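Report on one structure; see the data block that follows.
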Amino acid sequence: MKELSILGSTGSIGTQTLDIVRANDDLEVVCLAANSNVALILEQIREFHPQLVSLYDEAAAKELKEQLKISGIPKASIPAVETGMEGLLQCATYPEADLVVTAVVGMIGIEPTIAAIKAKKTIALANKETLVSAGHLIMPLAEEMGVRILPVDSEHSAIFQCLEAAHGNPVDQILLTASGGPFRTYTMEQLEKVTVEDALKHPNWNMGAKVTIDSSTMVNKGLEICEACWLFGVTVDQVKVLIQPQSILHSAVEFADGAVIGQFGVPDMHLPIAYALTWPERRPVPQKRLDLAELGSLTFFAPDYEKFRGLKLAVDAIRAGGSMPTVFNAANEVAVRQFLAKEIGYLDIPKKIEQEMNAHQVIAHPSLPEILSIREEIFAHH
C-alpha cells in the first residue's frame, strides 16, 4: 500500500490524481490540502477518508470544521483540519505519507516541497514554480536526502520516460514541446485585443486558470525550460522548444548519434500522473488511447520568441541565473492575477515581467528567506 498526501487536491491535477487512486486499490490517501473549496474537499473526505486535511484559507477551514460536524460522517472518520502554511507543512511531512503530490499553484509550493524532502518523502512534482525559483536549493537537498523527484508535468514526464530508455547515455538536447496555445497564429494587433475569456479557452488541455493563461502566453514553456534544466542536469542551450499544435508528442530527447526518442500520447494528464504514482510500473490508465492512423499527421514549428515575449524573458532569466528566475516567476504570478481580474491587458503580462526583471539586482545564490522576500516585494508593488 502506498500512502499519498495530495497538496492541491481540489485543483485540476489534484482531482485527476484522485481518479488514479480510484483505479488502483494499493493507493491510499492520508492527507488532502487545498486553498478554499469547502464543498469539493468535503466530498473528497467522504470518499477517501484522509486522516489530515488542510485548507489554506482560514475562513474556509473554519467553515469546513462546521460542515464536518453536520456531515453525517462517523466521528471516528472525521479528519483533523489545519490551515495556512502550517497546515500545508503538516500535510507535506505527515508521518504515514510515502509520496507527496505537490500540485499547488505558484511559489507557495516551495516551502512544503522542501519540508517533504527533509522528511524523506518521494515527491511527485506538479508545481513547476518550486524548481524555477528554488532549484538550486531543491535538487542538492533531494540528492543529500536520497529523495526521488518524479515529474508530473506531461513534458517532463515524457523526458523522464525517454531517459529511462537511454541506459545512461548523455543527452545531446531536449525537444520540449508546446501546443502554442490558442493564439499561435495571431498577429500582434490581434493579441492586443485578447480578453480573459479568450485566453481561458485552451484548444487541447483542461487546466486551471493560472496554467491556462501561462500556456497561452508561453510563459508556461519558459518555466518548463528552467524546470527541465534542474530536473535533467542540462543547460538552457540544450533545451529546444518545439511547437506541436496537436499535443501528441509530449517531448523528446536527442542523443549523440542523432537518434531522437519521444513519448507520444493523447493530451490527457492521467498518464503522467499515474506514472509518477506507480513508477516504475506501467498500469492501465482511464483515458482514450492514441490512434495515429486516425490522427493522420503531426505538425511542428519553431516558436516566435518576439511575439511570445514571455518565452524570451524566461530564457533571459535562466541565463542571468541566481534570483532572476524567481523575479520572472513572481512577476508573472502578479501579472496573471491582474489580467484575470481585468486590471491589465493581455500584452501587459510580459511588459510587467520585463519591468520587474529590469529593476532587479541579481542575488547569485539566494537563500529561501531571500526567495520568499523577493516574492513578497513584487506582490507588494501591485
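Any read-out appearing in this document is the output of simple, stated calculations on the displayed coordinates, not a laboratory observation. Keep in mind it's a predicted model, so treat the numbers as computed, not measured. Cβ atoms come from the backbone with ideal geometry, glycine included; neighbour counts cover every protein chain shown.
Determine the percent antiparallel among the DSSP beta bridges restricted to the chain, to the nearest 5.
Bridges in the chain that DSSP calls antiparallel: roughly 25 percent.
Can you run phi through the Karplus equation (6.51, -1.76, 1.60; θ = phi - 60°) for the range 265-281 and list ³J(HN,Hα) in whole Hz, with x for Gly and Pro?
x, 5, x, 8, 7, 4, 5, x, 5, 4, 5, 5, 7, 10, 3, x, 6
Taking only C-alpha pairs under 8 Å that are 6+ residues apart, what is the relative contact order of the chain in percent?
Details: 694 pairs, mean separation 58.3, N = 382.
Here the relative contact order equals 15 percent.
Calculate the length of the line joining the C-alpha centroid of the range 341-359 to that of the range 46-79, in whole Å.
Between the Cα centre of the range 341-359 and that of the range 46-79, the gap is 39 Å.
Determine the percent antiparallel among the DSSP beta bridges restricted to the range 2-151, to the nearest 5.
Of all bridge pairs located within the range 2-151, approximately 0 percent are antiparallel.
Kindly provide the trypsin sites (Lys or Arg not before Pro) of the range 290-343 that DSSP labels as loop, not H, G, I, E or B, and whose Cβ sees at most 13 other Cβ atoms within 10 Å. Display every interim value, and only then the final one.
Values: sites: LYS307, ARG309, LYS312, ARG319, ARG337, LYS342; in loops: LYS307, LYS342.
Passing sites in the range 290-343 are LYS342.
Shape verdict for the chain, please, from the Cα gyration tensor: rounded (a/c under 1.5), prolate (a/b greater than b/c) or oblate. Before the final figure, lay out the partial values.
Numbers: a/c = 1.45, a/b = 1.24, b/c = 1.17.
Here the chain falls in the rounded category.
Going by Cα centres, the range 153-228 and the range 83-146 are how many Å apart?
Cα centres, the range 153-228 to the range 83-146: 23 Å.
Greater than 27 Å separation of Cα atoms is the criterion. Which listed pairs, LYS120/LYS210; LYS201/LYS352; LYS118/LYS351; LYS2/LYS75; LYS240/LYS351, meet it? All intermediate terms of the calculation are to be shown ahead of the outcome.
Values: LYS120/LYS210 30 Å; LYS201/LYS352 23 Å; LYS118/LYS351 37 Å; LYS2/LYS75 25 Å; LYS240/LYS351 24 Å.
Distance filter (> 27 Å) returns LYS120/LYS210; LYS118/LYS351.
Residue-wise, which Karplus ³J(HN,Hα) couplings in Hz belong to the range 304-319, taking 6.51 cos²θ - 1.76 cosθ + 1.60, θ = phi - 60°, and x for glycine or proline?
So the Karplus estimates, Gly and Pro as x, are 9, 6, 7, 5, 9, 5, x, 5, 5, 5, 4, 4, 4, 5, 5, 5 Hz.
Could you grab the relative contact order for the range 171-251? Cα pairs under 8 Å, six or more apart, rounded to a whole percent. Intermediate values should be presented prior to the final figure.
Numbers: 86 pairs, mean separation 44.5, N = 81.
Once divided by the residue count of the range 171-251, the mean separation gives 55 percent.
Determine ³J(HN,Hα), in whole Hz, for all residues of the range 155-165 in sequence, where each value follows from phi through the Karplus function 6.51 cos²θ - 1.76 cosθ + 1.60 and θ = phi - 60°; x replaces Gly and Pro.
5, 6, 4, 4, 4, 4, 5, 5, 5, 5, 8
So for MET269, MET357, fewest C-beta neighbours within 10 Å to most, what's the order?
Values: MET269 22, MET357 18.
Placing the least packed residue first, the sequence is MET357, MET269.
Sorted from fewest to most neighbouring beta carbons within 10 Å, what does the list GLU47, GLU356 look like? Spell out each step's value before the answer.
Details: GLU47 12, GLU356 22.
Taking fewest neighbouring Cβ atoms as first place, the list is GLU47, GLU356.
Return, in residue-number order, each cysteine of the chain whose C-beta is not under 4.7 Å from any other cysteine's C-beta.
Isolated Cys, the chain: CYS162, CYS226, CYS229.
Kirkwood hydrodynamic radius, computed over distinct alpha-carbon pairs, for the range 64-164: how many Å, to one decimal? Could you put the intermediate results ahead of the total?
Working: mean 1/r = 0.0669 Å⁻¹.
Taking every pair of different Cα atoms in the range 64-164, averaging 1/r and inverting gives 14.9 Å.
Scan around GLU82 for amide H atoms under 5 Å from its own, H built in the peptide plane at 1.01 Å from N, and keep only partners 5 or more places away or cross-chain.
For GLU82, the qualifying residues are VAL53, SER54, LEU55.
Whole Å is fine, so just give me how far the alpha carbon centre of the range 260-334 lies from that of the range 19-36.
24
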